[in-house]
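The values are calculated or read from the model by the stated rules, or taken from the named source; none is laboratory data. Values in this document were obtained by computation on a predicted structure and should not be read as measured data. Don't worry about glycine lacking a Cβ; one is built from the backbone with ideal geometry, like all the others, and counts go over all protein chains shown. Please note that ligands, DNA and RNA were not included when accessible areas were found on the heavy atoms of the full protein model with its side chains. Shrake-Rupley method; radii C 1.70, N 1.55, O 1.52, S 1.80 Å.
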Amino acid sequence: GYTPLFPRILGHEASGIVESVGEGVNDLKPGDHVLPIFTGECKECRHCLSEESNNMCELLRINCDRGVMLADGKTRFSINGKPIYHFVGTSTFSQYTVVHVGQVAKISPTAPLDKVCPISCGICTGFGATVNVAKPKKGQTVAVFGLGAVGLAAAEGARVCGASRIIAVDVNPRRFEEAKRFGITEFVNPKDYDKPVQEVIVEMTGGGVDRSV
């Protein structure tokens, strides 16, 4: 849990164009296309310099309690002279937002802004969980629980790694056909069985999957 802090502007997935930059910012310029990211990188701490824990930046790791900018401990939003707090350093449910330079990723100006938003969280979360953490080997079997944005990205990661069977678990059968495009080979709906879904998967695979995401 975290300490409630209101009023605040929520939101963490988005895409946008840099309107202006603050003093000392050299990596970005007005007009750049970017994705805000709530797990930022200062590029200097021991975690940022590590290949294994670079999503745990000591300065910019996700923090739901912090509602202000790091530079001066103040908000950049207000109404009638009263502060409106930030959310996980992004506050994307707004037409304009202010973020730390370490919490945006520059993208190609040709990328369609109305379609790349999920890359700032859902897609990289699922894909990264499979490719960087689960690391299935070619020919192995992977189970993916849930076929939302994160689950589909996880399935794509398993496909890229060369998994031979990618079993999806979801209670919405309408998602299966679309999920095939992301590498899903089989679909299990827990509602179709009168026993725990893990037992179903064990029977399907002759003992269980190699990786589960």
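Summary table
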item	result
Over the chain, relative contact order from alpha-carbon pairs under 8 Å, at least 6 apart, %	18
Tensor-based shape of segment 120-213 (alpha-carbon gyration tensor, a/c under 1.5 rounded, otherwise prolate or oblate)	oblate
Summed side-chain charge close to residue 171 - residues other than residue 171 whose Cβ falls under 12 Å, Lys, Arg +1, Asp, Glu -1	+1
Contact order relative to length of segment 123-212, as percent, for alpha carbon pairs under 8 angstrom and 6 or more apart	30
Nonlocal amide H pairs with residue 140, under 5 Å, H built at 1.01 Å	164
Fraction of accessible area attributable to carbon and sulfur, the chain (%, probe 1.4 Å)	54
Positive minus negative residues near residue 96 (Lys, Arg vs Asp, Glu; Cβ under 13 Å)	0
Which labelled figure in (i) -0.56, -1.21; (ii) -0.64, -1.29; (iii) -0.69, -1.36 is log10 I(q)/I(0) by the Debye sum over Cα atoms at q = 0.10, 0.18 Å⁻¹, once derived from the coordinates	(i)
Computed [θ] at 222 nm, helices only, for the chain once each DSSP H run of length n ≥ 4 contributes -39500 (n - 2.57)	-4000 deg cm²/dmol
Spatially proximal aspartates and glutamates relative to residue 115 (Cα-Cα < 18 Å; intrachain offsets below 8 disregarded)	13, 32, 156, 178
Tilt relative to the chain, helix 149-161 - C-alpha long axis, 0 to 90 degrees, to 10	60
Cross-link pairs beyond the 23 Å C-alpha cut-off, checked among 43/82; 43/106; 137/180	43/82
Length-normalised contact order for segment 1-119 - Cα pairs under 8 Å, 6+ apart - percent	34
Net dipole in debye of the chain [+1 Lys, Arg Cβ; -1 Asp, Glu Cβ; about Cα centre; nearest 20]	80
Å² of accessible area per residue within the chain, as computed with a 1.4 Å probe and no ligands counted	59
Euclidean distance between Cα centres, segment 56-71 to segment 92-159, Å	21
Viscosity 0.890 mPa s, 25 °C: Kirkwood-radius Stokes-Einstein D of segment 1-119 over Cα pairs, µm²/s	163
Relative packing of 32-41, 138-147, which averages over residues the other C-beta atoms within 10 Å, highest first	32-41, 138-147
